[in-house]
Structures are given as C-alpha cells and as structure tokens.
C-alpha cells in the first residue's frame, strides 16, 4: 500500500467515525423525544388526535431518527475508507447505505407533512402517511442489513475492527431483516426482534465510531524517515 493510499484510508476512517457518532446521538436523542411505530397500536382517529396534540414532539423525533440519522448514514456510506482493494464491498456498502439514507430522509419529509398538516388532514390521510413511513422503514431495514454486513466485512478485511464484531454483524443482519417484517405484520415476537435489532445496531455503530476514531498518524516525512536505509 502506497503512502498516498494509506493517508486516504486514514482520512476516510476519521470521517466514518465522526458520522457514526452523529448517527448514534441522533437516534438516542430521537428515542428520548417520544414514542415510535404508532400505526400498529392506534386507530386512525387516535393517530390523528396524537398528531394534533403532539405534532411538535413527533416532528422533532422524526427530524432526529429519520432526518439527522439519514444524513449521518449517508456520511458513513460516503466516508468508508477507499482503497484499491475490496471494490465490490465498497460499492455494495455505499449503494446500500445511500439507499437507506434516502429512504430515511423521505420518512422525515412524510412525518413533517403529517405533523405540520395535521389540522388539514383527515384521520385516514394521517394514517396513510404513517403507513407509508412504516413501509419505507421496512425497506430501509433491509438495506441496513446489507450495509452492516458489507461495512463489517470491509473494515475487518483491513484490520480496523475486532474479530467479535463480525459475529455481532452476523447476528444483527438477519435481525434487521426479521425486524422489517414487524412493519408489515402485527406480531409481538417481530416487535421484540425489531427493538433488539435497534439496540444492537446502535452498539454496532458505536463500536465503528470507537475503532475508527481519529488517532495520531505519522506524517509523510516521518514515514519516509522511519524506513530502513541500505
């Protein structure tokens, strides 16, 4: 690996770490802002009443868990260390990450319409928007499953992450796939898997942030100077 490639990988790892921190913080802040996945527990009229009474809190939560987290997810996808090797993994991870980010931002926009337009919407209109948000969430989880698997494999192949994270990713990816079904089918087991996958996803992102955190790296002159002489 040339010096230029090494320095590029270092810059990429720093970007990835920073965006992973933002992703985790956005989710934690959003979870503290209010309840989620309301469509499965409330009727259309109850859901509409919720947005009329608590539309502000719902909007803040959506801007955090869908908006800010979506931007951070795009940053993670674009911040992957770029090297001459593992191009297929890089492309797969970038496409999956950006796809999930786009869906997340679309969810944020739909939530803003539901919250800001609650007085003009009917109960059925509000329910339709929330169902659309949930459908996007289901697709997003499938893309996140691919993103987690490919990013973990990529970083592990470069020696950036601990070996046990590969096992965690092997558990997390199928949990995300199963959790996607929770937005399509009302089932307590699937809801539990969905909640568990979110916790494990935040743990995974936190580990990525920690292992890829900025460290002091030798400058180009230092690297050249440290090379053995003939």
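What the table below lists for this structure:
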{"item": "Residue check, residue 136 in contact (Cβ under 8 Å) with a residue 60 or more places away in the chain and out of contact with any strand residue (DSSP E or B) (no Cβ under 6 Å at 6 or more places or on another chain)", "result": "no"}
{"item": "Scan of the stretch 68-106 for residues that are within 19 Å of residue 24 (Cβ to Cβ) and not in a helix (DSSP H, G or I), ordered by number", "result": "79, 80"}
{"item": "Filtered residues of the stretch 156-167 (kept if assigned to a helix (DSSP H, G or I) and surrounded by 18 or more Cβ atoms within 10 Å (Cβ to Cβ))", "result": "165"}
{"item": "Test for residue 124: is it in contact with a helix residue (DSSP H, G or I) (Cβ under 8 Å, 6 or more places away or on another chain), more than 15 Å from residue 19 (Cβ to Cβ) and outside any helix (DSSP H, G or I)", "result": "no"}
{"item": "Matching residues in the stretch 78-118 - criterion: being in contact (Cβ under 8 Å) with a residue 60 or more places away in the chain, closer than 24 Å to residue 152 by Cβ and surrounded by fewer than 17 Cβ atoms within 10 Å (Cβ to Cβ)", "result": "78, 82, 84, 85"}
{"item": "Those residues of the stretch 74-106 which are under 30 Å from residue 48 (Cα atoms) and under 13 Å from the mean Cα position of the chain (by Cα), in sequence order", "result": "99, 100, 101, 102, 103, 104, 105"}
{"item": "Scope the stretch 195-211; condition touching a helix residue (DSSP H, G or I) at 6+ places or on another chain (Cβ under 6 Å) and touching a residue at least 60 places away in the same chain (Cβ under 8 Å); matching residues", "result": "202, 205, 206, 208, 209"}
{"item": "Selected residue (criterion: modelled with the lowest pLDDT) from residues of the stretch 188-217 that are assigned to a loop (DSSP other than H, G, I, E, B) and over 14 Å from residue 160 (Cα atoms)", "result": "217"}
{"item": "One residue from 127, 154 being under 26 Å from residue 45 (Cα atoms) and in contact (Cβ under 8 Å) with a residue 40 or more places away in the chain", "result": "127"}
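The values are calculated or read from the model by the stated rules, or taken from the named source; none is laboratory data. Since the model is a prediction, treat every value here as computed from it, not as a measurement. Positions of Cβ are backbone-derived with ideal geometry, glycine not excepted, and every protein chain shown enters the neighbour counts.
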